[in-house]
Amino acid sequence: MNVTVNGQPRDVATGTTLQVLVSGETGGGRGGAAALDGDVVPRSQWPDTALRDGSVVEIVTAVQGG
Amino acid sequence: MTALDEPVDAPTGPADPFVVAGVPLASRLLLGTGGAASMAVVEETIASSGTALCTVSMRRHGVAAQGSLLDVLDRHGVRILPNTAGCRTAREAMLTAELAREALETNWVKLEVVADEFTLLPDPIELLDAAEQLVARGFVVLPYTNDDPILARRLQQAGCAAVMPLGAPIGTGLGLTNPHNIELIVSEATVPVILDAGIGTASDAALAMELGCDAVLLASAVTRAQDPALMAAAMRHAVLAGRAARRAGRIPKRRHAQASSPVQGMAVL
């Protein structure tokens, strides 16, 4: 199925969870957070949050900033 | 080593603690990490500034190689204050704050809601709206605000843990363009006042402290200086000097001279 990750189209297996997606993108390290379809999803809920076709995911991390 | 690397007195201590939301901070100089040319510059400016709190931004993963930023901050034992830089609406700022809370496990947020890219001035309507909602959701809100005493008052009433008026627009280095308003904000503040943005050089930071601000938050003035580490040390000393001068109580300004040498007992020559 097709999802959008940080503005880019991505083809992922049906039933892919947010946990699997974020881990694949970031290595699952500390300092990351994710929003699914405009809502922030707590890290504890990532394993139980399945993506759907058309899901829009934002994955952010801390960067230098004033 | 430079003269500015010499040890300085503890910036805050039992006699003059700096406390935000019940948390004592060991320095009245808060440092933004934005604008530094490399992670090495971030690290050396943190060290020479003596700061106890640094700001970070939240951005899409992979935009920049930032893997070691949190490691650097941890290594120096500084508290992390995520900001909502770039947000234009209360809604964006709320989501960014929630992402930061998840990512960094802190409920503190430097709330920035700016109106446009040209001025980077806070949008007061969106700012107050976001502040009220974030406080209601349990955040410790430190809003970057205009140098408007009434808006600062409203932000305090909304439950913000500090108010952070600008000295001048972000990145301009123009210093304190309206010191009278900063004094007004200080005079009625019930939470810490942190001068945020506009600082260009050490005398600007000292002036902010002399006017009664509790702390100074700056980034560009250090990270974009020709020698960032040396400017960080200068800012550290300026904040200490300004705070000491504020506590010491300056002499009133006079229109005419007043001799400091005795006027009695002059020899007749």
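The values are calculated or read from the model by the stated rules, or taken from the named source; none is laboratory data. In this text, all values refer to a predicted model and were calculated from it rather than measured experimentally. Heads up, the Cβs are rebuilt from the backbone with ideal geometry, glycines too, and the neighbour counts pull from every protein chain shown.
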(request) Would you check if B:VAL72 is surrounded by fewer than 23 Cβ atoms within 10 Å (Cβ to Cβ), among the aliphatic types (A, V, I, L, M) and within 17 Å of A:ARG30 (Cβ to Cβ)? (result) yes
(message) Could you check region A:24-54 and list, in sequence order, the residues that are at pLDDT 90 or above, surrounded by fewer than 17 Cβ atoms within 10 Å (Cβ to Cβ) and outside any loop (DSSP other than H, G, I, E, B)?
(response) A:ASP39, A:SER44, A:GLN45, A:PRO47, A:ASP48, A:ALA50
(message) So, in region B:18-60, exactly how many residues are within 14 Å of chain A (Cβ to nearest Cβ) and at positive phi?
(response) 1
(message) Can you find a residue that is within 30 Å of B:VAL42 (Cα to Cα) and surrounded by 17 or more Cβ atoms within 10 Å (Cβ to Cβ) anywhere in region A:8-22?
(response) yes
(message) Just to check your reading of the model, which residue among B:GLU210, B:GLU183 is touching a helix residue (DSSP H, G or I) at 6+ places or on another chain (Cβ under 6 Å), surrounded by fewer than 24 Cβ atoms within 10 Å (Cβ to Cβ), of a type in the set (Asp, Glu) and modelled with pLDDT of 95 or more?
(response) B:GLU210
(request) Would you be able to tell me the number of residues in region A:1-19 that are within 13 Å of another protein chain (Cβ to nearest Cβ) and in a helix (DSSP H, G or I)? (result) 1
(request) May I ask you to verify whether A:ASP39 is charged (D, E, K, R), at negative phi, free of Cβ contacts under 8 Å to residues at least 24 places away in the same chain and out of contact with any Phe, Trp or Tyr (no Cβ under 9 Å at 6 or more places or on another chain)? (result) yes
(message) Scan region A:38-48 and tell me whether some residue there is among the β-branched types (Val, Ile, Thr), more than 7 Å from every other protein chain (Cβ to nearest Cβ) and over 27 Å from B:LYS110 (Cα atoms).
(response) no
(request) For residues that are assigned to a loop (DSSP other than H, G, I, E, B), farther than 18 Å from B:LEU30 by Cα and facing another protein chain (nearest Cβ under 7 Å), scanning just region B:64-105, find the one that is modelled with the highest pLDDT. (result) B:ALA64
(request) Check B:ARG243, B:ARG254 and return the single one that is over 20 Å from A:GLY66 (Cα atoms) and part of a helix (DSSP H, G or I). (result) B:ARG243
(request) Could you check A:VAL22 against (1) in contact with a Leu (Cβ under 9 Å, 6 or more places away or on another chain); (2) among the β-branched types (Val, Ile, Thr); (3) within 13 Å of chain B (Cβ to nearest Cβ); (4) free of Cβ contacts under 8 Å to residues at least 40 places away in the same chain and say which number it fails? (result) (1)
(request) Would you mind listing the helices (runs of 4 or more DSSP H) fully within region B:111-205 where at least 3 residues are under 19 Å from B:MET58 (Cβ atoms)? (result) B:124-136
(message) Being crowded, with 24+ Cβ neighbours inside 10 Å and not aliphatic (A, V, I, L, M) is the requirement here; does B:ASP227 meet it?
(response) no
(message) I'm trying to understand the selection: among the residues of region B:29-48, which are under 20 Å from B:THR106 (Cβ atoms) and not in a strand (DSSP E or B)?
(response) B:THR33, B:GLY34, B:VAL42, B:ILE46
